[in-house]
Amino acid sequence: MKSDNFERTLPEGYKEAYVIDATKGKFSFWLNIVAMAIMIVVAVPLIVIIFMTAEEITINSWFLLALFGLLIVYTILHELTHGIAYKLMTGEKLTFGMSLTVAYCGVPKIYVYRKTALVALLAPFTVYSILFIALMIALPDPTAKLAVAIIFAIHFGGCAGDLYDTFIYLTKFKDPKTLMQDTGPRQTFYTLS
């Protein structure tokens, strides 16, 4: 936990530069459309490859129930991974929640610097992409492989908001002194005037 990773109050000279709110109208709609498109683009080739190479795949109500349960567990783990990154880098209190459009984790009472924000944003994408790819390669059972492929595709699409925030940092806010207040569903970027 380093105090140089965040500020408790907005320092003098900073002004609001950009706001992303995943609970608001048009942005929320388009974010979810992009997320679904990403899921389809990732899922279709994986599912085709699995079905083409498998001798037998069992899809029944138990498979669907297990898949649904795994997706709930994954969503919780995804948000906890954001939280672990934030906690390790700031030591500050986290907030978790879910709206109709997003599950979220944030640190609303502080302003984090660019590096801290990028680590927290990319932690779930990195950890779970590696894990799911490794599982798809290692699992011998094609039904289990299919379940992991579906979860991987949902994971990839579900990271759309995190990847969008990362894209904003990489294109608009390259200054390491850029601050972000992350309430979870809303990220507000601040730059020096």
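No lab work stands behind these numbers, since they all come straight from the coordinates. Fair warning: this is a prediction, and the values are worked out from it, not measured in the lab. Here the Cβ positions follow ideal geometry from the backbone for every residue, glycine too, while neighbour counts run over all protein chains shown.
The table that follows gives values for the structure above.
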item	result
Value of relative contact order over the chain, rounded to a whole percent, pairs C-alpha under 8 Å and six or more apart	39
HN-Hα J in Hz across region 171-180 - Karplus 6.51, -1.76, 1.60, θ = phi - 60°, x for Gly and Pro	10, 9, 10, 7, 5, x, 8, 4, 10, 9
P(r), alpha carbons of region 31-82 - 5 Å bins starting at zero, rounded %	4, 15, 11, 24, 27, 13, 5, 1
Rounded tilt (10° steps) of 114-138 against the dominant C-alpha axis of the chain	10
Helix-only CD estimate at 222 nm, as mean residue ellipticity for the chain, using -39500 (n - 2.57) per DSSP H run (n ≥ 4)	-20500 deg cm²/dmol
Note, ³J(HN,Hα) from phi for region 66-83, Karplus 6.51, -1.76, 1.60, rounded to Hz, x at Gly and Pro	5, 4, 4, x, 5, 5, 5, 4, 4, 4, 5, 5, 4, 5, 4, 5, 4, x
Amide hydrogen neighbours beyond the local backbone of residue 18, cut-off 5 Å, H modeled	189
Order by protection proxy (mean Cβ within 10 Å, highest first), peptides 27-38, 108-119, 4-15	108-119, 27-38, 4-15
Value of Rg to Rh for region 6-100 (Rh from inverse mean 1/r over Cα pairs, i.e. Kirkwood)	1.11
3J(HN,Hα) from dihedral phi, region 53-65, Karplus parametrisation 6.51/-1.76/1.60, rounded to Hz, x for glycine, proline	9, 8, 7, 8, 10, 9, 10, 9, 5, 5, 4, 5, 5
Structure-derived mean projected area of the Cα convex hull in nm² - corresponding label in (i) 14.4; (ii) 9.9; (iii) 11.7	(iii)
Distant-in-sequence amide H partners of residue 178 (H built 1.01 Å from N, under 5 Å)	114
Alpha-carbon Rg/Rh ratio, for region 85-144, with Rh computed the Kirkwood way	1.13
Distance between region 128-193 and region 40-70 - C-alpha centres, whole angstrom	22
